[in-house]
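The values are calculated or read from the model by the stated rules, or taken from the named source; none is laboratory data. None of these values were measured; they are calculated from a predicted model. Virtual Cβ from ideal backbone geometry, glycine too; neighbours counted across all protein chains shown.
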Amino acid sequence: MKNWKKWTLLSVVLIAVVAVFVFLWLRSRPEPVSYEVLAVERRDLQRTTLVTGKVEPRDEVAVKPQISGIVAELYKEAGDQVRVGDPIAKIKVIPDMAQLASAESRVRLAKYNVENSREVFRRDSALLAKQVVSQETYDKSRLQYIADCEELQAAEDNLSITRDGVAAKATDGFTNTIVRATISGTVLDVPVKVGNSVILSNTFNDGTTIATIADMQDLLFVGSIDETEVGKLRVGMQMTLVVGALNDQRFPASLEYIAPKGTESNGAMMFEIKGAAAIPDSVVIRAGYSANAEIVLDERKQVLTVPEYAVTFENDSAFVQLLTDTTQQTYTRHPITTGLSDGIQIEVTDGLTTTDHIRGNETTTEQ
């Protein structure tokens with residue numbers, strides 16, 4: 001009985017030891033390795049660059065007053081559509097006292113001159129009828145009278161403009177107190193309010209902007225591109241605009257301007273580019289929307305391609321692992337010639353055919 005128990009215990013220990021050795025042997029075995037098998041395919045390739053920027057109107061005009069004064073009325077607000085000549089605001093003139101006094105003095109002097117030349121003209125007319133004075137003397141007095149009358153009219157207009165901002169005999173269409181749109185388009189901004197003081201544009205001051213108007217049917221993409229890629233661009237290249245504010249809608253555009261001079265930004269030289277955007281009338285674009293422009297730098301049609309991660313580059317050469325045995329999944333190092341890459345797929349110009357397969361990423365199967 002004791003022998004039976006002893007042999008049973010030894011058997012259990014032996015089985016445990018064998019099980020441990022088998023377990024350790026299985027764990028020490030190398031895991032079987034397999035790889036993706038990738039086909040060589042024909043496809044279109046494009047090399048693109050992405051430029052960040054914004055959408056702006058081609059022509060944006062700041063409308064300024066022709067006289068200084070105070071805003072009395074505003075007829076338009078941001079978002080309104082206007083045509084050339086539409087009234088935007090009315091300016092109430094606050095005359096300069098020195099200019100007003102000078103204008104009034106000029107009117108009084110002109111009236112005196114008119115009265116004097118009128119009397120001379122009447123006298124010479126009567127004397128000419130009696131043939132006492134010559135025709136030449138009569139003509140001179142007549143011309144002087146006409147000139148003094150014109151000077152009086154000019155003085156009165158100057159006084160009216162100085163005091164009221166409009167010539168005495170001018171129609172409303174010619175008054176400087178009404179600020180009118182200079183182009184047709186959309187009012188983007190009206191930065192003044194009723195009661196604000198405004199000044200006209202002159203040599204020493206840009207003047208107060210009453211409104212900003214732009215044609216929102218003629219839009220440009222304006223962005224900046226790095227110096228390493230600007231040399232690959234040319235005017236006329238097609239672009240695709242992606243406007244994030246419109247749920248990433250895409251619109252065609254055409255590159256029409258590349259800055260001849262760059263500006264430094266964060267240690268890099270950036271060059272401004274502009275592209276004419278083709279926006280449908282049904283889409284509402286607001287000035288200043290952020291957008292990205294995708295520009296096609298180069299493209300290939302229906303060329304042999306493989307995933308770029310499957311290619312090994314050494315010096316100036318490129319290699320792939322070519323599948324030689326499907327059953328055993330064996331590969332050989334095979335040289336190829338590459339071409340255009342879009343960052344994911346790369347063109348193979350020589351070394352492979354559409355019937356070939358190559359090795360991809362490693363896949364591990366646990367037993």
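Could you list all residues from segment 298-315 that are assigned to a strand (DSSP E or B) and closer than 14 Å to Gly360 by Cβ? It would help to see each step written out before you state the result.
Residues of segment 298-315 that are assigned to a strand (DSSP E or B), as a first pass: 298-307, 312-314.
Once the filter is applied, which keeps residues that are assigned to a strand (DSSP E or B) and closer than 14 Å to Gly360 by Cβ, segment 298-315 yields Thr305, Val306, Pro307, Thr312.
Could you check segment 141-166 and list, in sequence order, the residues that are surrounded by 15 or more Cβ atoms within 10 Å (Cβ to Cβ), out of contact with any Asp or Glu (no Cβ under 7 Å at 6 or more places or on another chain) and over 30 Å from Met97 (Cα atoms)?
Arg142, Gln144, Tyr145
Show me the strands (runs of 3 or more DSSP E) entirely contained within segment 232-271 in which 3 or more residues are touching a Gly at 6+ places or on another chain (Cβ under 7 Å).
On the way: elements: 238-243, 249-258, 263-265.
Counting at least 3 such residues, we get 249-258.
So, of the residues in segment 322-338 that are touching a strand residue (DSSP E or B) at 6+ places or on another chain (Cβ under 6 Å) and touching a residue at least 40 places away in the same chain (Cβ under 8 Å), which turns out to be nearest to Val40 (Cα to Cα)?
So the first thing to find is which residues in segment 322-338 are touching a strand residue (DSSP E or B) at 6+ places or on another chain (Cβ under 6 Å), and the list is 322-324, 330-338.
This time we only want the ones that are touching a residue at least 40 places away in the same chain (Cβ under 8 Å), so: 323, 331.
On the way: Leu323: 11, Tyr331: 15 Å.
Going through the qualifying residues, I end up with Leu323.
Just name the residue that is nearest to the chain's Cα centre (by Cα) out of those in segment 95-133 that are acidic (Asp, Glu) and surrounded by 13 or more Cβ atoms within 10 Å (Cβ to Cβ). Even if it seems obvious, please write down each step before you answer.
The initial filter retains those residues of segment 95-133 that are acidic (Asp, Glu), namely 96, 104, 115, 119, 124.
Going one step further and asking which of them are surrounded by 13 or more Cβ atoms within 10 Å (Cβ to Cβ), we end up with 104, 124.
Values: Glu104: 52, Asp124: 72 Å.
It comes out as Glu104.
So which residues in segment 318-330 are over 46 Å from the mean Cα position of the chain (by Cα) and surrounded by 17 or more Cβ atoms within 10 Å (Cβ to Cβ), if there are any at all?
So the first thing to find is which residues in segment 318-330 are over 46 Å from the mean Cα position of the chain (by Cα), and the list is 321-330.
Hits for segment 318-330 are Gln321, Leu322, Leu323.
Please tell me if Val120 is closer than 30 Å to Thr162 by Cα and part of a helix (DSSP H, G or I). If you could, list the steps in order and put the result at the bottom.
Details: closer than 30 Å to Thr162 by Cα: no; part of a helix (DSSP H, G or I): yes.
Here the answer is no, as Val120 does not meet what is asked.
Taking only segment 146-197 into account, find how many residues are at pLDDT 90 or above, in contact with a Pro (Cβ under 6 Å, 6 or more places away or on another chain) and among the hydroxyl-bearing types (Ser, Thr, Tyr).
Residues meeting the conditions: 0.
Restricting the search to segment 316-361, which residues are in a loop (DSSP other than H, G, I, E, B) and among the hydroxyl-bearing types (Ser, Thr, Tyr)? Talk me through it step by step, then tell me what you get.
Here is the first cut: in segment 316-361, the residues in a loop (DSSP other than H, G, I, E, B) are 316, 326-329, 342-344, 351-356.
Result: Thr326, Thr327, Thr353, Thr354, Thr355.
Within segment 91-107, can one find any residue that is closer than 30 Å to Glu294 by Cα and either in contact with a Phe, Trp or Tyr (Cβ under 7 Å, 6 or more places away or on another chain) or at pLDDT below 85 (or both)?
Residues of segment 91-107 that are closer than 30 Å to Glu294 by Cα, as a first pass: none.
No; the residues of segment 91-107 include none that is closer than 30 Å to Glu294 by Cα and either in contact with a Phe, Trp or Tyr (Cβ under 7 Å, 6 or more places away or on another chain) or at pLDDT below 85 (or both).
Among the residues of segment 235-281 satisfying the criterion of being among the charged types (D, E, K, R) and in contact (Cβ under 8 Å) with a residue 40 or more places away in the chain, which is farthest from Leu50 (Cα to Cα)? Working first, answer last.
Narrowing segment 235-281 to residues among the charged types (D, E, K, R): 248, 250, 256, 261, 264, 272, 274, 281.
Now narrow it down to the ones that are in contact (Cβ under 8 Å) with a residue 40 or more places away in the chain: 272, 274, 281.
Numbers: Glu272: 14, Lys274: 14, Asp281: 26 Å.
If we take residues in segment 235-281 being among the charged types (D, E, K, R) and in contact (Cβ under 8 Å) with a residue 40 or more places away in the chain, then Asp281 is farthest from Leu50 (Cα to Cα).
Consider Thr49 carefully, then state whether it is within 46 Å of the chain's Cα centre (by Cα) and surrounded by 13 or more Cβ atoms within 10 Å (Cβ to Cβ).
On the way: within 46 Å of the chain's Cα centre (by Cα): yes; surrounded by 13 or more Cβ atoms within 10 Å (Cβ to Cβ): yes.
The answer is yes for Thr49.
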